[in-house]
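Report on one structure; see the data block that follows.
The values are calculated or read from the model by the stated rules, or taken from the named source; none is laboratory data. These numbers were taken from a predicted model, which means no experiment stands behind them. Neighbour counts are summed over all protein chains in view; Cβ atoms, including those assigned to glycine, are modelled from backbone coordinates with ideal geometry.
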RNA sequence: GGGCCGAUAGCUCAAUUGGUUAGAGCAGUUGCCUUUUAAGCAAUUGGUUCGGGGUUCGAUUCCCCGUCGGCCUACCA
């Protein structure tokens, strides 16, 4: 008989002569899935397996429903999610992955606390969904008789705390984006954001590299990760760094790409097999090339720097190139794992960037945030990392559904 | 939101071109066996073939609608 608990399986050997007739008769009524206690001396069988010789046993809880088949396990995706308890009982790999998720998150906390970061919690219900450009979920507070949005990022409240004098803050929290569901997207997902005063995106580079190496090496005791498609990611080697524009120019084989007219860019993009739309902005064409043709091929850890300023209104403009911002996008395994910026702390510049963006997209301007900046925000580096994605990467999962216990399904 | 594919016993899977009573392994039940690495042997129970409609002498099989799932795609600076 095999007994399984939270961390593993052990064998028990049950004989009528060591257990007694009455208890043995009870034992014979056991079903797979019953919860029992067994007491007795350990011995090693001739095949070398450590085994408990049952001298006493007790039924703790009865299982009334049959478990899935023991050898094939539970494969049906829908049941694995809707009845996650069965998945966790039957599929060791799944259970292991959630243990690792927990270890990764506590590892992040430990790492940041050692660097004097303060963990904080900020509101989920917000007036304006800021810090990103996703559609929010709406909800209503009855007593106040007013609408709220669920947050789509943690950014703006954490920056207010920088103004308040907390120099190193982080939050690990749920964000909600009213967008499609895919292998890499769940409507509610867990995000780490951190801000460090008197640092910048270069400082964040050192931090994220140290953090991820710590998670791989010290928390998970690995040196490399094999992705579901077989590619091996080496975390301990040198991490590459490349400028966004250089990558795009290299891909389109044209050093003057960014001087081309929008039409020329459009036709080249189509030549490369992309569905470029007429009404796109200039930078959107380039970004389509980056997103579709470059990012998926950045397997080894790569910092992509000097992104076009249109891509993020919350970062500082590069001093010697007004078309780019002081940011990086850390790409690993073809996924965007962590973006980081030198944070914009000039309230006038920030307003200008917001207004420019509000002209193009439908984005409300968070006046409270701008007013807060006017009190003086220290220069800072900030970083965000999708927890689900980093867990996917580090636990070699090929879908976000395997790292979220109860991901969203229809109905 | 769009496209393609799928749903058969508690679980993992079969079922010929549309043809009799939809099968197997595991689980369950009954009996035997007792150091087995998916424990063994024998017998046995178990089906609204996802739901609804249609075509047909006849539908798991073909068609339509719905539900749910998978993959791709779109939105996600």
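Of A:162, A:156, all but one fail to be in contact (Cβ under 8 Å) with a residue 24 or more places away in the chain, surrounded by 12 or more Cβ atoms within 10 Å (Cβ to Cβ) and within 11 Å of RNA strand B (Cβ to nearest atom); the exception is A:156.
Considering every residue within region A:132-147, establish whether at least one is crowded, with 19+ Cβ neighbours inside 10 Å and more than 19 Å from residue A:345 (Cα to Cα). Within region A:132-147, one or more residues are crowded, with 19+ Cβ neighbours inside 10 Å and more than 19 Å from residue A:345 (Cα to Cα).
Among the residues of region A:182-196, none is identified as away from RNA strand B (no atom under 16 Å from the Cβ) and surrounded by fewer than 21 Cβ atoms within 10 Å (Cβ to Cβ). In region A:264-280, the residues that are without any contact (Cβ under 8 Å) to a residue 12 or more places away in the chain form Cβ pairs under 9 Å with partners that are part of a loop (DSSP other than H, G, I, E, B) and surrounded by 14 or more Cβ atoms within 10 Å (Cβ to Cβ), at six or more places apart or across chains, as follows: A:267/A:276; A:270/A:276. Within region A:165-181, take every residue that is near RNA strand B (Cβ under 9 Å from one of its atoms) and in contact (Cβ under 8 Å) with a residue 24 or more places away in the chain and give me the one that is surrounded by the most Cβ atoms within 10 Å (Cβ to Cβ). If we take residues in region A:165-181 being near RNA strand B (Cβ under 9 Å from one of its atoms) and in contact (Cβ under 8 Å) with a residue 24 or more places away in the chain, then A:177 is surrounded by the most Cβ atoms within 10 Å (Cβ to Cβ). Within region A:71-82, residues that are farther than 16 Å from residue A:400 by Cβ and without any contact (Cβ under 8 Å) to a residue 40 or more places away in the chain have Cβ atoms under 6 Å from residues that are in a loop (DSSP other than H, G, I, E, B) and within 6 Å of RNA strand B (Cβ to nearest atom) in these pairs: A:74/A:68, counting only partners at least 6 apart in sequence or on another chain. Quick check: is even one residue across region A:204-212 under 30 Å from residue A:155 (Cβ atoms), outside the structural domain of residue A:172 (by TED's automatic domain parsing) and touching a helix residue (DSSP H, G or I) at 6+ places or on another chain (Cβ under 9 Å)? Checked against the condition, which is being under 30 Å from residue A:155 (Cβ atoms), outside the structural domain of residue A:172 (by TED's automatic domain parsing) and touching a helix residue (DSSP H, G or I) at 6+ places or on another chain (Cβ under 9 Å), region A:204-212 yields no hits at all. Restricting region A:19-73 to residues that are on the phi > 0 side of the Ramachandran plot and in contact with a helix residue (DSSP H, G or I) (Cβ under 8 Å, 6 or more places away or on another chain) leaves a set whose member that is nearest to RNA strand B (Cβ to nearest atom) is A:73. Here residue A:76 clears all of (1) touching a helix residue (DSSP H, G or I) at 6+ places or on another chain (Cβ under 6 Å); (2) closer than 29 Å to residue A:411 by Cα except the condition numbered (1).
For region A:330-351, the criterion of a residue being closer than 28 Å to residue A:277 by Cα, part of a helix (DSSP H, G or I) and out of contact with any strand residue (DSSP E or B) (no Cβ under 8 Å at 6 or more places or on another chain) is satisfied by no position. Filtering region A:74-106 to residues that are surrounded by fewer than 18 Cβ atoms within 10 Å (Cβ to Cβ) and near RNA strand B (Cβ under 10 Å from one of its atoms) leaves A:75, A:76, A:77, A:78, A:79, A:81, A:82, A:83.
Taking the conditions exactly as written (under 30 Å from residue A:100 (Cα atoms) and either within 12 Å of RNA strand B (Cβ to nearest atom) or loosely packed, with under 11 Cβ neighbours inside 10 Å (or both)), does residue A:15 satisfy them or not? Considered against the rule, which asks whether it is under 30 Å from residue A:100 (Cα atoms) and either within 12 Å of RNA strand B (Cβ to nearest atom) or loosely packed, with under 11 Cβ neighbours inside 10 Å (or both), residue A:15 comes out as no. Residue A:384 falls short on exactly one of the conditions (1) over 22 Å from residue A:129 (Cβ atoms); (2) outside any helix (DSSP H, G or I); (3) in contact with a helix residue (DSSP H, G or I) (Cβ under 9 Å, 6 or more places away or on another chain), and that condition is (1).
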